[in-house]
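Read through the structure below, which is laid out as structure tokens, and then see the notes.
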């Protein structure tokens, strides 16, 4: 990992190293000399909140976002992440309007911290979802899979913070032109539906950083604190984790799906169905049906017949590991356990802190 020497804090390296945070001007030190760890924690959170643009924008302690995923991220997961200091998101793409309203109300009852709702722009009942968001006073909205200009102005007029998910520099610029407050740059490694560009997070994040001035969230292939640090060195102001939170105790994913994810090895996911909507999933008998259809030179309509309806629900929510669509990211190869969401948040942040100390202290970074 190569970062310019001038952005590293100088002096005071003999003090107890405490994590700093990255913003577009460089590293912001939060070193607190001589204090034991237990005493430093509140100071770290306050310092990060003051200096990190995402923490200021979302009014949270940590620049860590839990992705709004279909069938996996309901009110339990969102509230747990928000209570742990990050930003939890309810994934509305698999919810009927009345179900979303119920999840929002339960989330508000479970946390007094900010949370968000993710709304795919292709959702058929999007008008009702947006009405729920306004009526229930959801403070932050993530939009994806569509034109951000369609809803951004209305949401902003109602005082909402709006974030849009993109897979390319072109769409990042369009999102900023539409007036969004922040952008998620999601790389090819991510689970579920992806952009057609197939640009990896390592390449996408610095390109988007150069193209836009609003806060930037990196996503795709991020499941550890080391990956978080790498993304922030590339220019992100924070990160979004999806697959890691699928394997949380509060996730609404079926236990069989969670166990399949933590059992997955390197290279077990694949991006497929590009003619319809590119999706990354675990290889299983359903995927084999897709491969056989490709071998027959199936038309788009024939591929739709193979896909059928509710494949993701069958796999992720109902636990049908053979006939369901098992959407998950490449980072699944790193996952080995199912933990409480708060524990995941703490582990990621602890590893981020220790990785940053290693970055400052290890001889291999002093070339």
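The values are calculated or read from the model by the stated rules, or taken from the named source; none is laboratory data. The model shown is predicted, which means the values in this text are computed figures rather than measured ones. A quick note on method: Cβ atoms are made from the backbone with ideal geometry, for glycine too, and the neighbour counts reach across all protein chains shown.
Summary of values
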read-out: In the range 144-169, the residues that are surrounded by fewer than 17 Cβ atoms within 10 Å (Cβ to Cβ), modelled with pLDDT of 95 or more and more than 16 Å from residue 123 (Cβ to Cβ); value: 153, 156, 157, 158, 159
read-out: Residues satisfying the stated conditions in the range 340-367, i.e. more than 30 Å from residue 80 (Cβ to Cβ) and either assigned to a helix (DSSP H, G or I) or in contact with a strand residue (DSSP E or B) (Cβ under 7 Å, 6 or more places away or on another chain) (or both); value: 360, 361, 363, 364, 365
read-out: Positions within the range 81-121 being out of contact with any strand residue (DSSP E or B) (no Cβ under 8 Å at 6 or more places or on another chain), in contact (Cβ under 8 Å) with a residue 60 or more places away in the chain and over 24 Å from residue 319 (Cα atoms), in sequence order; value: 83, 84
read-out: Residues being surrounded by fewer than 21 Cβ atoms within 10 Å (Cβ to Cβ) and either more than 13 Å from the chain's Cα centre (by Cα) or under 22 Å from residue 149 (Cβ atoms) (or both) - total across the range 213-231; value: 3
read-out: Flag if residue 328 is within 21 Å of residue 192 (Cα to Cα) and either modelled with pLDDT of 95 or more or out of contact with any helix residue (DSSP H, G or I) (no Cβ under 9 Å at 6 or more places or on another chain) (or both); value: no
read-out: Any chance residue 267 is part of a loop (DSSP other than H, G, I, E, B) and surrounded by fewer than 20 Cβ atoms within 10 Å (Cβ to Cβ); value: yes
read-out: Flag if residue 78 is under 19 Å from residue 342 (Cβ atoms), at pLDDT 95 or above and in contact with a strand residue (DSSP E or B) (Cβ under 7 Å, 6 or more places away or on another chain); value: yes
read-out: Yes/no for residue 184 being without any contact (Cβ under 8 Å) to a residue 40 or more places away in the chain and either touching a helix residue (DSSP H, G or I) at 6+ places or on another chain (Cβ under 7 Å) or part of a strand (DSSP E or B) (or both); value: no
read-out: Hey, residue 197 under 21 Å from residue 121 (Cβ atoms), outside the structural domain of residue 269 (by TED's automatic domain parsing), modelled with pLDDT under 95 and outside any strand (DSSP E or B) or not; value: yes
read-out: Within the range 72-167, strands (runs of 3 or more DSSP E) holding 3 or more residues that are over 22 Å from residue 325 (Cα atoms); value: 115-120, 140-144, 161-166
read-out: Residues being assigned to a loop (DSSP other than H, G, I, E, B) and either surrounded by fewer than 16 Cβ atoms within 10 Å (Cβ to Cβ) or touching a residue at least 24 places away in the same chain (Cβ under 8 Å) (or both) - total across the range 290-319; value: 8
read-out: Test for residue 342: is it under 16 Å from the mean Cα position of the chain (by Cα) and crowded, with 16+ Cβ neighbours inside 10 Å; value: yes
read-out: Residue, surrounded by the fewest Cβ atoms within 10 Å (Cβ to Cβ), within the range 320-332, restricted to residues that are closer than 16 Å to residue 259 by Cβ and touching a strand residue (DSSP E or B) at 6+ places or on another chain (Cβ under 8 Å); value: 332
read-out: Residue check for residue 192: within 24 Å of residue 99 (Cβ to Cβ), at pLDDT below 95 and surrounded by 22 or more Cβ atoms within 10 Å (Cβ to Cβ); value: yes
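For every residue, the table says whether it meets (1) at positive phi; (2) more than 21 Å from the chain's Cα centre (by Cα).
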| residue | (1), (2) |
| --- | --- |
| 97 | no, yes |
| 111 | no, no |
| 114 | no, no |
| 118 | no, no |
| 129 | no, no |
| 137 | yes, yes |
